[in-house]
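See structure below.
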Amino acid sequence: MVDAGDRDADERRQHFARSAYDTLMNLNKPTIAVVNGPAIGGGAVLAACCDLRIGSARTTFHLPEVNIVRCGGARHYMRLLPQGVLRQMYFTGRPLTAHDSHRFGLLNDVVEQGEELHRALELAEEIATKSPLALRTAKEALNAIEELSVLDGYALEQSYSVALGRSADAKEAAAAFLEKRPPAWTGV
């Protein structure tokens, strides 16, 4: 028999986890997960909520809920993995290796062990050279179009593009290109 206090604690933990996942996914800038070893259950879901993921050969992703008679996290992985791969992970509780994670696009990069953070920082520095407005809008657009049909998603994406084209950063991008200099972004 499950005690009401236990049920309340479970609900609070689940609410906290969902809130963390939602916050990470909807953060107004790109996020990068560094996965140094096994990512299991909620940790695997946290990594899936990030925009990009960097790992090493020892990185694995586990959704072992079937082993403890639970379920959760699959929805986040449906965006990232082919159905058959996800279903095998989910039904067997077996981990996905770094090699397969990279092959299926879950890991953006697999680097030498100990180099994960260095690679993530390099990637972050590259991203940081882009217009903050363009990055915010790109993330918002990617999140918004994810569940739409191709036609509806493209139409929405184009509306974002039109709005961006009117921005000060778009004008600065064109001027910087013509003047062969790095852009000085204002974020507007």
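Summary of values
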item	result
Subset of the stretch 133-156 (residues that are over 22 Å from ASP22 (Cβ atoms) and touching a residue at least 12 places away in the same chain (Cβ under 8 Å))	LEU133, ALA134
Within the stretch 133-174, tally of residues that are closer than 21 Å to PRO30 by Cα and basic (Lys, Arg)	2
Scan of the stretch 138-154 for residues that are of a type in the set (A, V, I, L, M, F, W, C) and under 23 Å from the mean Cα position of the chain (by Cα), ordered by number	ALA138, ALA141, LEU142, ALA144, ILE145, LEU148, VAL150
Residue that is farthest from the chain's Cα centre (by Cα), among those in the stretch 26-49 that are in a loop (DSSP other than H, G, I, E, B) and more than 17 Å from ALA74 (Cβ to Cβ)	GLY37
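Results for (1) modelled with pLDDT of 95 or more; (2) surrounded by 12 or more Cβ atoms within 10 Å (Cβ to Cβ); (3) not polar (S, T, N, Q), shown as yes or no for each residue.
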residue: THR97; (1), (2), (3): yes, yes, no
residue: HIS102; (1), (2), (3): yes, yes, yes
residue: ARG119; (1), (2), (3): yes, yes, yes
residue: ALA144; (1), (2), (3): no, yes, yes
residue: LEU148; (1), (2), (3): no, yes, yes
residue: ARG166; (1), (2), (3): no, no, yes
residue: LYS180; (1), (2), (3): yes, no, yes
residue: ALA184; (1), (2), (3): no, no, yes
residue: VAL188; (1), (2), (3): no, no, yes
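The values are calculated or read from the model by the stated rules, or taken from the named source; none is laboratory data. All values reported here derive from a predicted model rather than from experimental measurement. Because the Cβ atoms are built from the backbone with ideal geometry, glycine has one as well, and the counts that use them run over all protein chains shown.
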